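One structure is given here, and the rest of the page talks about it.
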Amino acid sequence: MPPLFPRQPGPYRVNVNDRLVLQYIASAAPTDLRARIHIEYDNGGFDDLVLDVTSFTTDRTRITEPGTNVASPGQIVLGPGTITDAILTGIATGLKRGQFYANLAIKRSTYDLDLCRDYYYDGFPISLGTFVEPGPGGGEGFLSWVALAADIAPVAITHAMAATNAFRRVYGFAMYYNASGDAATRVMVASVRQLGLALPTGFGTAANALIFSTGTVTLIVSQEGSIVVTSTGRATKVALNTNGTLTGSTVNDTPFPLDIVESDLGDIFFDLSGAHANDRWSVYVLREEWLKV
């Protein structure tokens, strides 16, 4: 396991007209973020350069400040010297590790001088000389249950597992179904399909690229049921619940946990047949996400 705060030694030298810049990539954002460096100039003077970022882009696009979202743009180094301190801090209430990755650097005409880079989150500022990679090798990502359907009228869902500028680990999913008192025979099943890249020319449908299926749960009037797949890292379990009768709860071969790179075309298909408009269901995916920088 890597050290909690791996650091790189200085010195961090600067030259006249170097400029302070902040780069970040985010799926969620802090309330505000302040980047600050302290410079000791060779002539005996000193300076503090500050960037206050006031709003953020959270679509996992790489953003460079200063731009329109900073209150103190254009921070320029006045002469040769040494950076003796730097920090990224602010208000990040509720922000979790894996959601906001930042890099503080000095921009110059020939190359950029990195000062620190890491995930910024609630209670964890980033200080000078801290260099932590954004992927799994750098520590835990953002683990959460993601709601694909939350107490809505049932409709089949195709969930693409990949996202641009993200590395994801999918651990499983849960489907919960409440059948109304209306006459209907509801059948639900979940499948994992088409891992990897594009299918060959002439390949029929995604259904023919099936790599895993849970089996079905069938419900009639006023019944409830669920399909839950969970992975502990040692074994994966599939639980099928048909109105209180549990089956399939022994260890089964499944593909989880699944590592999904941003180019992966694989999906999870939450399929339904015979659903009634008065029924309700919820569908959740358990995944961990790291930002790809």
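The values are calculated or read from the model by the stated rules, or taken from the named source; none is laboratory data. For clarity, every value in this text was computed on a predicted model and none was experimentally measured. Virtual Cβ from ideal backbone geometry, glycine too; neighbours counted across all protein chains shown.
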### Summary
Cβ pairs under 9 Å, 6+ apart or interchain, first in region 227-239 and in the same structural domain as residue 259 (by TED's automatic domain parsing) and at pLDDT below 85, second part of a strand (DSSP E or B) and of a type in the set (S, T, N, Q), ordered by first then second residue, are 236/230; 237/230; 237/231; 238/230; 239/226; 239/230; 239/247
### Task
Identify the residue in region 123-151 that is in contact with a Lys or Arg (Cβ under 8 Å, 6 or more places away or on another chain) and without any contact (Cβ under 8 Å) to a residue 40 or more places away in the chain and, among all such residues, is surrounded by the most Cβ atoms within 10 Å (Cβ to Cβ).
126
#### Entry: Residue satisfying all of: in region 93-103; surrounded by fewer than 22 Cβ atoms within 10 Å (Cβ to Cβ) and not basic (Lys, Arg); farthest from the chain's Cα centre (by Cα) among these
93
#### Entry: Residue that is farthest from residue 102 (Cα to Cα), among those in region 156-178 that are in contact with a strand residue (DSSP E or B) (Cβ under 7 Å, 6 or more places away or on another chain) and part of a loop (DSSP other than H, G, I, E, B)
156
### Query
Among the listed residues 79, 74, which satisfies the condition of being modelled with pLDDT of 90 or more, under 23 Å from residue 13 (Cβ atoms) and not aromatic (Phe, Trp, Tyr)?
79
### Message
Regarding region 201-215, can at least one residue be identified that is surrounded by fewer than 18 Cβ atoms within 10 Å (Cβ to Cβ), in a loop (DSSP other than H, G, I, E, B) and touching an Asp or Glu at 6+ places or on another chain (Cβ under 8 Å)?
### Response
no
### Message
Against the definition (surrounded by 15 or more Cβ atoms within 10 Å (Cβ to Cβ), closer than 19 Å to residue 157 by Cα, touching a His at 6+ places or on another chain (Cβ under 6 Å) and at pLDDT 90 or above), how does residue 268 come out, yes or no?
### Response
yes
### Query
Does region 255-273 include one or more residues that are in contact with a Gly (Cβ under 6 Å, 6 or more places away or on another chain), in the same structural domain as residue 224 (by TED's automatic domain parsing) and outside any strand (DSSP E or B)?
yes
#### Entry: Lone unmet requirement of (1) part of a strand (DSSP E or B); (2) at positive phi for residue 23
(2)
### Query
If you scan region 29-40, which residues turn out to be among the hydrophobic types (A, V, I, L, M, F, W, C) and out of contact with any Ser or Thr (no Cβ under 6 Å at 6 or more places or on another chain)?
33, 35, 37, 39
